[in-house]
1. Answer yes or no: is there a residue in segment 241-252 that is surrounded by fewer than 16 Cβ atoms within 10 Å (Cβ to Cβ), free of Cβ contacts under 8 Å to residues at least 24 places away in the same chain and acidic (D, E).
2. Can you tell me which residue within segment 161-197, out of those that are within 11 Å of the ligand (Cβ to nearest atom) and of a type in the set (V, I, T), is surrounded by the fewest Cβ atoms within 10 Å (Cβ to Cβ)?
3. For segment 115-136, name all the residues that are out of contact with any Phe, Trp or Tyr (no Cβ under 6 Å at 6 or more places or on another chain) and closer than 24 Å to L11 by Cα.
4. Would you be able to tell me the number of residues in segment 8-26 that are assigned to a helix (DSSP H, G or I) and either over 25 Å from L176 (Cβ atoms) or in contact (Cβ under 8 Å) with a residue 60 or more places away in the chain (or both)?
5. Quick one: would you say E125 is farther than 26 Å from Q223 by Cα and of a type in the set (D, E, K, R)?
6. Quick one: would you say P220 is of a type outside the set (V, I, T) and in contact (Cβ under 8 Å) with a residue 40 or more places away in the chain?
7. Here is a check on your reading of the model: is G68 loosely packed, with under 10 Cβ neighbours inside 10 Å, small (G, A, S), assigned to a helix (DSSP H, G or I) and more than 16 Å from the chain's Cα centre (by Cα)?
8. Among strands (runs of 3 or more DSSP E) lying entirely in segment 157-259, which contain 3 or more residues that are over 25 Å from D145 (Cα atoms)?
Amino acid sequence: MNGSEAPFELLAPAASTAAPRTDLLFLVMLVICGAMALLLAGLIAWFALRYREGSGAGRAHPPSHANGLEAAWTAVPMLLFIVLFGWAAHDYALERRVPADALPVYVVAKQWMWRLQHGENGRQEINELHVPLNRPVVLVLASQDVIHSFFVPAFRVKQDVVPGRYARLWFSATRLGEFRILCSEYCGSQHSAMLGRVIVMRDADYAKWLASGPPPTGDPTPQQLGQALYQRLACASCHAPDSSVHAPPLAGLYGRTVVLQDGGHVTADEDYLRESIVAPDRRLVAGQPAIMPSYGGQLSEQDVQNLVAYLREFK
Ligand SMILES: [Cu+2]
C-alpha cells in the first residue's frame with residue numbers, strides 16, 4: 001500500500017494512527033456545524049417569506065415566551081459541546097502521551113530548514129525524515145531562531161517549535177510512501193520554501209537505511225557529541241561529586257525532582273536541563289550560590305540539544 005501524495009487533493013491521505021480519529025472528529029464537527037448553518041439559514045428564509053410585508057400571516061397574539069424552546073436551544077448545544085470537548089480532549093491526550101518505546105529523533109528548526117538527527121545512531125538528515133512503518137517515533141524539537149511549526153498533513157500532527165524550549169511530537173506511520181513536511185508558522189521571507197518530506201519505509205529497509213549513513217561507521221550520536229562537549233566545557237570540574245565547588249551532581253539527574261531556592265519543585269526534564277545550561281540563575285537548586293556562568297551565547301541550539309541528550313543517559 002503506497003500512500004504518497006498526489007499533487008492536488010482535497011485532503012492528504014490518512015497515514016498515521018492519529019489520522020483516522022482526527023478525521024472522524026473533524027467530520028462530525030463539520031456535519032454538526034453544517035446542519036446548524038442549514039437550519040438557521042432555512043429558518044431565516046422561511047420567516048422572511050412568511051412574515052413579509054403584505055402577507056396574511058396572523059400577528060394578533062404573538063407569544064412572549066416559549067420556555068420549552070428556550071430550554072431546548074440552551075441544553076442541546078451545551079450537550080453537543082460537552083460531548084465534543086470530551087472527545088477532543090481524549091484524542092488530544094492520546095497525542096500528548098508519548099509511548100515509552102518511541103524512537104527518538106532530535107530536530108532543530110532554523111530559517112529555513114529542518115535538521116533532523118536520529119537518536120538511535122546519530123544519522124543526520126536535512127529536510128528529510130526516514131521512519132519505519134507502524135512504529136512510534138518521537139520528535140524532540142528546538143528552534144534556533146524564530147517560531148516554526150512542524151506539520152505533516154498526512155499524519156494530522158502539528159507542533160509549534162518555539163525558541164527557548166523543547167517541544168515534543170509523536171506519531172506512528174501506517175502507510176508506506178512519502179509525505180510532505182510543512183512549516184506552518186510564518187517564519188520569514190523563505191517560509192514557504194521550508195519544506196521537507198517524511199519517507200515511511202518497511203522495518204528492514206529502514207534498518208538498512210539507518211546503517212548506511214556516511215561515514216561508514218555512522219555519524220556520532222547526539223549523546224556522543226554531548227559527551228564530547230561535556231568534556232570540552234569541563235562541566236565535571238564543578239559537577240563531579242568530588243569537586244571542591246560542590247555544584248549539583250548530574251548523574252541520574254534526569255527525571256528526578258529538584259528542590260529550588262524558593263522552596264518550589266521542578267522535574268529535571270529536557271526543558272529544565274536546557275534552561276540550567278543557558279540561564280542557570282533562573283531556577284537555582286536550593287542551597288546553591290549563583291556562580292555558574294551562562295552558556296547561552298556560546299552554544300548553538302544543536303550543542304545544547306546534544307548536551308541534554310547526553311545528560312538524559314548520564315548515570
Ligand atoms: Cu519555519
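The values are calculated or read from the model by the stated rules, or taken from the named source; none is laboratory data. Small disclaimer: the values here were computed from a predicted structure and weren't measured. Here the Cβ is made from the backbone with ideal geometry for all residues, glycine too, and neighbour counts use every protein chain on show.
1. The initial filter retains those residues of segment 241-252 that are surrounded by fewer than 16 Cβ atoms within 10 Å (Cβ to Cβ), namely 241-246, 249, 251-252.
Those left that are additionally free of Cβ contacts under 8 Å to residues at least 24 places away in the same chain: 241-244, 246, 249.
Still in the running and acidic (D, E): 242.
Yes; the residues of segment 241-252 include at least one that is surrounded by fewer than 16 Cβ atoms within 10 Å (Cβ to Cβ), free of Cβ contacts under 8 Å to residues at least 24 places away in the same chain and acidic (D, E).
2. This residue is I181.
3. E128, L129, V131, L133, N134, R135
4. 6
5. When the stated conditions are applied, E125 does not pass them.
6. For P220, the condition - of a type outside the set (V, I, T) and in contact (Cβ under 8 Å) with a residue 40 or more places away in the chain - is met.
7. yes
8. Once the strands (runs of 3 or more DSSP E) in segment 157-259 are filtered for at least 3 residues that are over 25 Å from D145 (Cα atoms), what remains is 177-183, 195-201, 257-259.
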